[in-house]
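Chemist: Shown below is the structure under consideration.
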Amino acid sequence: MARPRNVATQAPSPVKTSTSERLTRALAFLRLTTQPVQQTALLEYLSQLLRWNKTYNLTAIRDPDQALVQHIFDSLSLVTPVSRALALQPTESPTIVDVGSGGGLPGVILAIMLPQVHVTCVDAVEKKAMFVRQMAGVLALPNLSAQHARIETLEPLESSLVTSRAFASLQDFAQLSGRHVRAGGNLVAMKGKEPTEELTALQAHTTWFAQTIEPLTVPELEGQRCLVWMQRKGTT
């Protein structure tokens, strides 16, 4: 009688978690409450960013999984701190200016998540500002706008909050963008690990100081992230 052949047993292939499921988990991790239309907008924005990127080179990240984490989740980690800061400011019409926004990061994400806040994305590259304008229409975001300009050439925007993500050193950010912050407002820069040398230069060479260094935890991201909250010297 023939002996039975040894049949190799293969482990079942792992079921890949969908982008939608990963987004839902990330939102829960960050304790962000959303409406279905907001989750749909976040996913559509990611899809549009990746599609436009093939032609317009909006970001160096082209892998969808990496873009989900390093762009969408990364930007979502700002929502709670930004909401908290805006709530402390005495204005019924809060505004955010996102400097060096590129393809709208974090500006578009903030506009999706904070519909009561008007967000202006500013970038020196015309095609990137054009993309953000397109997103304002595609995603039905009346609170989102974009300007193609260098931030230092614009008239003061009197914004509640001026933010940046991988735009410049703290010193350059403050010197170029500080005049767009209204009285009582903040500059806030997203950084990797705490930028010790940049903090020293900020204190020594500008009229701004770092009020708080706030650590951030980004879902599915192992790298360090923090927010540097800045105020004008002489304010409390």
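Chemist: Specify which of the listed residues (A111, A146) is closer than 25 Å to V37 by Cα, crowded, with 24+ Cβ neighbours inside 10 Å and touching a Lys or Arg at 6+ places or on another chain (Cβ under 7 Å).
Modeler: None of the others qualify; the one that does is A146.
Chemist: How many residues, within segment 116-139, are without any contact (Cβ under 8 Å) to a residue 60 or more places away in the chain and in a loop (DSSP other than H, G, I, E, B)?
Modeler: Count: 4.
Chemist: Given the residues F131, F209, F173, which is the only one that is over 23 Å from P94 (Cα atoms), at pLDDT 95 or above, hydrophobic (A, V, I, L, M, F, W, C) and in contact with a strand residue (DSSP E or B) (Cβ under 9 Å, 6 or more places away or on another chain)? Working first, answer last.
Modeler: Numbers: F209 fails: over 23 Å from P94 (Cα atoms); F173 fails: over 23 Å from P94 (Cα atoms).
Answer to the selection: F131.
Chemist: Sticking with this structure for a sec: Taking the stated definitions as given, is R25 surrounded by fewer than 20 Cβ atoms within 10 Å (Cβ to Cβ), in contact (Cβ under 8 Å) with a residue 60 or more places away in the chain, over 16 Å from the mean Cα position of the chain (by Cα) and assigned to a helix (DSSP H, G or I)?
Modeler: yes
Chemist: Can you tell me which residue within segment 178-194, out of those that are under 17 Å from the mean Cα position of the chain (by Cα) and either of a type in the set (G, A, S) or over 23 Å from V218 (Cβ atoms) (or both), is surrounded by the most Cβ atoms within 10 Å (Cβ to Cβ)?
Modeler: Filtering segment 178-194 for residues that are under 17 Å from the mean Cα position of the chain (by Cα) and either of a type in the set (G, A, S) or over 23 Å from V218 (Cβ atoms) (or both), the one surrounded by the most Cβ atoms within 10 Å (Cβ to Cβ) comes out as A189.
Yes or no, residue by residue, for (1) among the hydroxyl-bearing types (S, T, Y); (2) crowded, with 20+ Cβ neighbours inside 10 Å; (3) on the phi < 0 side of the Ramachandran plot:
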position: P36; (1), (2), (3): no, no, yes
position: Q48; (1), (2), (3): no, no, yes
position: N57; (1), (2), (3): no, no, no
position: R62; (1), (2), (3): no, no, yes
position: P90; (1), (2), (3): no, no, yes
position: V97; (1), (2), (3): no, yes, yes
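Chemist: Taking the stated definitions as given, is S83 crowded, with 20+ Cβ neighbours inside 10 Å, closer than 22 Å to A136 by Cα, at pLDDT 95 or above and among the polar types (S, T, N, Q)?
Modeler: Spelling it out, it is not the case that S83 is crowded, with 20+ Cβ neighbours inside 10 Å, closer than 22 Å to A136 by Cα, at pLDDT 95 or above and among the polar types (S, T, N, Q).
Chemist: Restricting to segment 115-132, name every residue that is farther than 19 Å from V162 by Cα and surrounded by fewer than 19 Cβ atoms within 10 Å (Cβ to Cβ).
Modeler: Those that are farther than 19 Å from V162 by Cα and surrounded by fewer than 19 Cβ atoms within 10 Å (Cβ to Cβ): E126, K127, M130.
Chemist: I'd like the residue in segment 28-65 that is farther than 26 Å from L114 by Cβ and in a loop (DSSP other than H, G, I, E, B) and, out of all such residues, is modelled with the lowest pLDDT.
Modeler: Looking at the filtered set, the residue picked out is N57.
Chemist: Condition first: touching a helix residue (DSSP H, G or I) at 6+ places or on another chain (Cβ under 9 Å) and in a helix (DSSP H, G or I). Now tell me which residues in segment 75-86 satisfy that.
Modeler: S75, L76, V79, V82, S83
The values are calculated or read from the model by the stated rules, or taken from the named source; none is laboratory data. The structure presented is a predicted model; accordingly, all values stated were derived computationally and were not measured. Cβ coordinates were reconstructed from backbone atoms using ideal geometry, including for glycine residues, and neighbour counts include every protein chain displayed.
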